[in-house]
Every structure is written in structure tokens, then in C-alpha cells.
Amino acid sequence: MDYQKHTFRLLLAVFFTVLTVAFAGCNKDNETKTPSSETKLTSIVFAKNDSFPGLSNASFTIDFSHDTALVYNEDSLPVGTHIDSVVATFYFSTTIGYARFISDTDTVLIRSNDTLNFMPRPCHLYVMSEDMKHDRHYDIYVNVHTVDPDLYVWSQTREKLFDGNCDVHAESLSGLIYLYTQDGINARLYRTRDGEKWWGPVSLIGLPRGANIRQITRGPGSYFYYAEANRLYRSVEGATWLSEDYSGEDFTLVSMLFAYNDSVWALVRDKADERLWFATMEEGGRLKKQQQIGPIDTHFHLLTEAFPVSDFSALTFLGKTGRKRAMIVGGFDEDGTALNCRWNLEWIDTDDDEGYYRLENFSIEQPEFSAITGAAMIWYDEKILLFGALENGTDITPYPVLESYDEGMNWNLPDSAQNMLPEGYAARQRLAAVETEDHAILLIGGQNRTTTFADVWRGKKNSIDWD
């Protein structure tokens, strides 16, 4: 009896299961989908093209705030990209009735992966909704750079700015470029804003006549500085100099370095043990030995290392990480040996609202880096550019410009299709390099084994001013 009841209950459960499935199937078959009234374009995708690598990276903005929606790529495609035969796919928020692409007199009913001509400005897209009751118009602008944004445009603005065989050095302050020249008898000053129109020369008052103008540096504010024979010279307008006596200090002045972390930095030698130190001061104060870093030779990791005292290149900049950095590259040590050093000085913030300085030599990890002297460096477009140098104390480098994207760790030749100095520019060392207020690079003077130059070259990256 129990067996019969169990069998009956099992058959009853199966019957209701089959009935439920059948009913659900009938409902599904009888459902009617309401056609969409949407006409919203969500994206356009360009297929990859080996001849134009940047084509598939196009990203479009769609602006529905106008009666006719606007479609455009904010980041223009690379110069030279052909857009007359582009394989394009259009994506919509839902199913549409149809879409027509209109380019000049050609009209194409849109399918997937159509080859279309986007040259006209604008092209037009007409979209009809699936329910055939709503439509929308789109104007499409495909932007292509007409000039290469990465191209540096160079020109010579002066064939001969000054007379004589001169050392040169340049600093910038308040929109002006200050160019110092030294012919071995007198130091003079020229000024410019753009490298094309110049004022001067002006004779310097109060500075030693034979001053090594390559060691003039600008402070963090409005002063220029120079050190020689236990006297520190300063000038507020670059031409008239006042000096202070440092003969009573426990160190002698070696050379000025740079402005860094709101201080003026110099290189000094301890009178007692002849060790080299950094010395710092706030603008308007007096130099004091930098005690936290201590003697510079305590940071040497190899017995062959040394610190440059002349013909080095110094640069300060705000790195990509947002930390302030200073670089000292190459130069001669006290024995006259050319160095391959790349000293990197960095301020490290700590959690207690204080910090400390870290000093490292990047050449330790890459000793194959050539010993260089007489180079000029600037921070430009988030990289370091190094112009000219004497390699290993003997040969002018054959590379007029090198660049570093990792803040001095590695150096490479720029792409010659984008940054190559003109054919008339001769390789040299001991030139002046400086950036103008309108973000152009000026290269001034210099020398090689046979010639001392007095020319001025101006270069600018096309996209440096682009928003």
C-alpha cells in the first residue's frame, strides 16, 4: 500500500513539472519584444593599420548638447595618418533600425567593419531607431595633426653675436636671458628675451676681470652669485656686483653650484683636512657647511671616484615623481682627471614633517658612461637634454644632443626624425644652453679643437605650448 502511494505521488510530481515547463515555453514563444526608440551612438572603433600605428588608438568624444551631436577625437592622430580608407565599426546603446554614413557625395549604409572616407570635415552620420519613429544626426570630425607634435624646429638667429674667442654662460631670470662672455681680459653681459633681439654688451662692475663666468649661478630668488679667492660676489641685475669676505671661515670657496630647495649651493674645501663639502645659505645670508650630508668623500663607493671641481654641468629640476632633484655631471677633479660621474642630489621627506638629503652617483651602476666635460644641460619637456661635451678629455662628442627620460640614469640619442640639429650646426663643447620664457631652447657659442663659436641657435618642440 505504501509502495502504491509513493508511486502515485512520484507520477503526480512529474505531471506538474511537465505542465510548468510547457506553460513557461508557451509564454516565451508568445512574448513580443518592443522595438527600441534609441539612436545613441556610444563609440567608433578604427581597425589596426600597420602603415599607421596610431590609427587604432583614436578615442572619440560624443557631445549630445547640440541638435546635431558632435563626434571628435580630442587627441589628434599622428601627422601623416591617412583617413580616406579607414575600416571603422560603429557601436550603439541598443539595436537600431539603420544608419547611413555620408562623406561628400558618397552615402554608405553602415554595417560592421566598413571602409569609409573620413577626410571631409565634417562627415555625417544619420541614425534611425529600431521602431522607425526617431532619428538623430551626428557630425564627425577626425582630427589629424598637420605638424608633428614631437618635432623640434631649429633655426640660427645669429651667425655671430659677439667678437673674440669667448667662454659663455647663460642664466634666466624674470623672462630675460642673461648671457655672460669672457675673452680672457674682460667679462661682458648680453640680454635677450627670445634669442633673436639682443641688448649689450655691458661691462661688468665689481666682478674680477678674469672671472670664470661658467661658474656664475642664479639663486632661488633674484640674485646672481659667483665665488673666487675667498670672496662671494652677488648681483641683483647681473651687471653690478658686490662681494663679501669669507677668509675668516673654516673653509675656502671652490665654486658655485646651483639653487636647490630654496637655498644657494656652493662647493667648499675644509681648511683643516682639505675635504670637500657642500655649503648652503638662504638668499641674502652666508654660506655654511651642509652638516647633514657631511664631507662629500664619505659618499664615495669606489676608490676611483672623485668629485668635480671645474667644467662640470649642473642642473636642478622637479622630477616626474614630484621630488626636487639636482644633478652634477662630468667635469674635472682636483688632479685634472675627466670624470664620468652623474651625482644626483635629492631631498627626501619623512613622516615627521622633516627630511634629509640623499647623494648618489648614478655612474656606479653604469661605469661605461663616458667621462665628459664642458657639457650643457637643461630640463625640457620632462626630460634632460645634454648638449655637446668633450669625451674622456680628448674628443668632441659626435652627438650634438643626448636625452634622458629617467632623470640622468640612462642616456640615448633622440629620434633623428624629430630632434636633429641643422646641418650647419657644428659639434662643440663649452656652449651655453638655456630655455626662454616662451619655451624655446637657445644654444649659444662653444668651441671645438679648431673654432670658437659666437652663433645662436633657437629650437622648440612643436607641442610644447599645446594644451
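The values are calculated or read from the model by the stated rules, or taken from the named source; none is laboratory data. Quick caveat: nothing in here was measured; it's all calculated off a predicted structure. Because the Cβ atoms are built from the backbone with ideal geometry, glycine has one as well, and the counts that use them run over all protein chains shown.
Residues in the range 393-433 that are more than 23 Å from the chain's Cα centre (by Cα), surrounded by 13 or more Cβ atoms within 10 Å (Cβ to Cβ) and assigned to a loop (DSSP other than H, G, I, E, B): Gly393, Thr397, Tyr425, Ala426, Ala427, Arg428, Arg430. Can Glu237 be described as surrounded by 14 or more Cβ atoms within 10 Å (Cβ to Cβ) and in a loop (DSSP other than H, G, I, E, B)? Against the criterion (surrounded by 14 or more Cβ atoms within 10 Å (Cβ to Cβ) and in a loop (DSSP other than H, G, I, E, B)), Glu237 qualifies. Consider the range 31-71 and keep the residues that are surrounded by 15 or more Cβ atoms within 10 Å (Cβ to Cβ) and within 27 Å of the chain's Cα centre (by Cα). The one that is nearest to Ser93 (Cα to Cα) is Phe60. I'd like the full set of residues that are farther than 20 Å from His145 by Cβ and assigned to a strand (DSSP E or B), limited to the range 41-77. Answer for the range 41-77, where residues must be farther than 20 Å from His145 by Cβ and assigned to a strand (DSSP E or B): Leu41, Thr42, Ser43, Val45, Ile62, Asp63, Ala69. Name the single residue that is surrounded by the most Cβ atoms within 10 Å (Cβ to Cβ) among those in the range 161-181 being small (Gly, Ala, Ser) and not in a loop (DSSP other than H, G, I, E, B). Applying the filter and picking the extreme gives Ala170.
Of a type in the set (D, E, K, R), closer than 15 Å to Pro120 by Cβ and modelled with pLDDT of 90 or more - does that describe any residue in the range 82-100? Step through it out loud before you land on a result.
Of the range 82-100, the ones of a type in the set (D, E, K, R) are 84, 100.
Within this subset, residues satisfying the condition of being closer than 15 Å to Pro120 by Cβ are 84, 100.
With the extra rule that they be modelled with pLDDT of 90 or more, the set shrinks to 84, 100.
Yes - at least one qualifying residue is present in the range 82-100.
Annotation note: of Pro220, Pro201, the sole residue that is in contact with a strand residue (DSSP E or B) (Cβ under 6 Å, 6 or more places away or on another chain), within 11 Å of Tyr180 (Cα to Cα) and surrounded by fewer than 20 Cβ atoms within 10 Å (Cβ to Cβ) is Pro201. Being more than 29 Å from Ser56 (Cβ to Cβ) and of a type in the set (D, E, K, R) is the filter; apply it to the range 135-179 and report the residue that is modelled with the lowest pLDDT. Ranking the qualifying residues of the range 135-179, first place goes to Asp163. Can you name the residue in the range 327-342 that is part of a strand (DSSP E or B) and of a type outside the set (D, E, K, R) and, of all such residues, is surrounded by the fewest Cβ atoms within 10 Å (Cβ to Cβ)? Among those residues, the one meeting the criterion is Phe332. Of the listed requirements (1) in the same structural domain as Val45 (by TED's automatic domain parsing); (2) more than 33 Å from the chain's Cα centre (by Cα); (3) not in a strand (DSSP E or B), Gly184 misses just one: (1). Within the range 92-107, the residues that satisfy the criterion of being in a strand (DSSP E or B) and touching a strand residue (DSSP E or B) at 6+ places or on another chain (Cβ under 7 Å) are Phe92, Ile96, Gly97, Tyr98, Ala99, Arg100, Phe101, Ile102, Ser103, Thr107. Being outside any strand (DSSP E or B) and free of Cβ contacts under 8 Å to residues at least 60 places away in the same chain is the filter; apply it to the range 434-467 and report the residue that is farthest from the chain's Cα centre (by Cα). Checking each candidate, the answer is Thr450.
Checking each residue in the range 246-272 for being more than 21 Å from Ala170 (Cα to Cα) and acidic (Asp, Glu) picks out Glu249, Asp250, Asp270. The criterion of at least 3 residues that are surrounded by fewer than 18 Cβ atoms within 10 Å (Cβ to Cβ) is met, among strands (runs of 3 or more DSSP E) falling completely within the range 108-154, by 123-129, 135-141. Out of Val401, Val434, which single residue is at pLDDT 95 or above, under 14 Å from Ser313 (Cβ atoms) and assigned by TED's automatic domain parsing to the domain that holds Ile216? Within the list Val401, Val434, the selection yields Val434.
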